[in-house]
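Accompanying notes for the structure given below.
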Amino acid sequence: MLHLRLLLVFILIGGLNVSAQINTFRLSEKKKKEIRSFENYDNLVIINVLLQDTIPIKLILDSGIEGLIITDPQLVSAFEPYCLRKFKLTAPGNSVSLDACVTPVVKVSFGNLEPMFGNMILLQEEIFSLDSFIGAKVHGLIGIDKFKQLAVTINYYKNQIRFTRPQDYKVPFMAEVIPLHLLRGRPFMTARVELDTKEIRDLWLMIDSGANHPLLIETDSTDTYQPLNSLEGTIGRGLGGNINGEFVRSGWIMLGNYRLDNIITSLSSDYFIGSPSIRDHRNGTLGAGALSRFNVTFDYSNNRMILEKGRKFNQPFEYNMSGIIFESASTDFNLFKVSEVIKDSPAYHAGIEAGDLLIGINDKPVFELSLAELNGMLNRNPGTLISLIMNRDGKPMNFKFKLERLI
């Protein structure tokens, strides 16, 4: 429970003149850079910030949203009584608008950066738990637009973020500078893609660091495109819930002069419900599965993104080779439940069912693993023999199968 004193501080700050506040993070005059570590969950960047000088929270650093969104039910219920107004929010994964509200101005601190003062959006309906999907406690999301006065460099290999002033940032040798179009605080770019049909198209993509897919194509925006061979399944989870679609392997995607080959591509015709103008006429999104191959710098003040080849650049793109989609099923995130089994996958033929609880994998107790580590074991090295101990209706059951590429 949040202490009443914290809420009183909230009320006092909320009464200040919003126009007098700084609603983005900045470097102090005495510093030339700030480097912060982050938690990496399947290429999602989780940062630790301080709310109202007292409340530590974890947020996904997400270029695909604008502002600060709180999803944690306890935090929402604590701040909800002080909301200024309510509204409807459209989110991926749901055709129905979600209830949300806007708080008065709050103070948000992050490391040694100058704090920002701004409103929070409280998501009043938690249709899907971010915690169970990520496998760690997360309280919400924060847009990179809150750092737009800075050059923000994400190193996915070292799990570090470097903040510098744009005028002090030096483009690395051999790096690619990608022009960006900023629309409502979100970055867009054009990328050339060879589809699985061998057709080459220029796609208008939103850059979404808060989604861990490499590439997503919204097929209702691409006219005549029909995939040749695809795999049906849950392609992701958004604030609105599960997102259904298909997976294919595209031939390649060009990001400047960098080319990523055999890229796993998610397809959806209902990823984001709404008119083309609401979606900014985009054809899809470029996610963290592709961005993590680089050291990525977002420089919103100069409308550009800089890509420097990273340590993961040559890693092959792979997708779930077991057919099991796990989610966390405990508050300490060391118990995992099968939420879905892909039809005709190795796990499907082995007899694993949704609802089964994982006890052990390859003679390793499950409590020693994170969800990201577990998924990593099942997403690489085709032909590997997997031995699982599952609990079904209170009874232990043993399953064995070999990993295989489903795409």
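In the condition set (1) in a loop (DSSP other than H, G, I, E, B); (2) touching a Ser or Thr at 6+ places or on another chain (Cβ under 7 Å), M321 is compliant with all but (2). Among the conditions (1) more than 25 Å from T54 (Cβ to Cβ); (2) under 18 Å from the mean Cα position of the chain (by Cα), H181 misses just one, which is (2).
Determine whether segment 124-134 contains at least one residue that is modelled with pLDDT of 90 or more and outside any loop (DSSP other than H, G, I, E, B). The answer is no, given that none of the residues of segment 124-134 is modelled with pLDDT of 90 or more and outside any loop (DSSP other than H, G, I, E, B). Based on this model, can you work out whether G355 counts as on the phi > 0 side of the Ramachandran plot and buried (at least 18 other Cβ atoms within 10 Å of the Cβ)? So G355 does not fit the description; no. Would you confirm whether any residue within segment 237-246 is at pLDDT 85 or above, in a strand (DSSP E or B) and either closer than 29 Å to I134 by Cα or of a type in the set (D, E, K, R) (or both)? Scanning segment 237-246 turns up at least one residue that is at pLDDT 85 or above, in a strand (DSSP E or B) and either closer than 29 Å to I134 by Cα or of a type in the set (D, E, K, R) (or both). Tallying residues that are under 21 Å from H139 (Cα atoms) and surrounded by fewer than 23 Cβ atoms within 10 Å (Cβ to Cβ) within segment 329-348 yields 7. The criterion of being crowded, with 21+ Cβ neighbours inside 10 Å, closer than 25 Å to N379 by Cα, touching a helix residue (DSSP H, G or I) at 6+ places or on another chain (Cβ under 9 Å) and aliphatic (A, V, I, L, M) holds for I207.
From the list A329, A347, the one residue that fits, being outside the structural domain of P214 (by TED's automatic domain parsing), over 25 Å from L216 (Cα atoms) and in contact with a Lys or Arg (Cβ under 7 Å, 6 or more places away or on another chain), is A329. In segment 52-78, the residues that are at positive phi form Cβ pairs under 8 Å with partners that are among the aliphatic types (A, V, I, L, M), at six or more places apart or across chains, as follows: Q52/L6; Q52/V9; Q52/I13; Q52/V106; D53/V9; G67/M120; G67/I121; G67/I142. Could you tell me which residue of segment 247-263 is farthest from K309 (Cα to Cα), considering only residues that are aliphatic (A, V, I, L, M) and at pLDDT 95 or above? Selected residue: I263. Residues in segment 379-401 that are over 29 Å from the mean Cα position of the chain (by Cα) and over 21 Å from A329 (Cα atoms): 4 in all. Scanning segment 159-184 for residues that are charged (D, E, K, R), touching a residue at least 12 places away in the same chain (Cβ under 8 Å) and farther than 14 Å from S301 by Cβ gives R162, E176, R184. Note on segment 40-59: residues that are farther than 21 Å from N119 by Cβ and in contact with a Leu (Cβ under 6 Å, 6 or more places away or on another chain) total 1.
Taken together, F188, F133 contain a single residue that is among the aromatic types (F, W, Y), crowded, with 17+ Cβ neighbours inside 10 Å and farther than 23 Å from N40 by Cβ, which is F188. In summary, T222 fulfils each of the numbered conditions (1) modelled with pLDDT under 90; (2) under 25 Å from I324 (Cα atoms) with the single exception of condition (2). Mind checking which pairs have a first residue in segment 348-376 that is without any contact (Cβ under 8 Å) to a residue 24 or more places away in the chain and a second that is polar (S, T, N, Q), Cβ under 7 Å, 6 or more apart or different chains? Pairs found: A354/S339. Hey, any hits in segment 172-189 for a residue that's assigned to a strand (DSSP E or B), farther than 30 Å from K30 by Cβ, touching a strand residue (DSSP E or B) at 6+ places or on another chain (Cβ under 6 Å) and of a type in the set (A, V, I, L, M)? Yes; the residues of segment 172-189 include at least one that is assigned to a strand (DSSP E or B), farther than 30 Å from K30 by Cβ, touching a strand residue (DSSP E or B) at 6+ places or on another chain (Cβ under 6 Å) and of a type in the set (A, V, I, L, M).
A search for C-beta distances below 7 Å between a residue of segment 323-344 that is under 12 Å from I134 (Cα atoms) and any residue that is assigned to a strand (DSSP E or B) and basic (K, R), counting only pairs 6+ apart in sequence or on different chains, returns F326/K337; E327/K337; A329/K337.
The residue of segment 44-93 that is modelled with the lowest pLDDT, among those that are part of a loop (DSSP other than H, G, I, E, B) and small (G, A, S), is G93. Contact annotation: residue pairs with Cβ atoms under 7 Å, 6 or more positions apart or on different chains, pairing a residue in segment 97-125 that is over 21 Å from S77 (Cα atoms) with a partner that is of a type in the set (D, E, K, R) and buried (at least 21 other Cβ atoms within 10 Å of the Cβ), are M116/K146.
The values are calculated or read from the model by the stated rules, or taken from the named source; none is laboratory data. Quick caveat: nothing in here was measured; it's all calculated off a predicted structure. With ideal geometry, Cβ positions are generated from the backbone for all residues, glycine too; neighbour counts draw on all protein chains shown.
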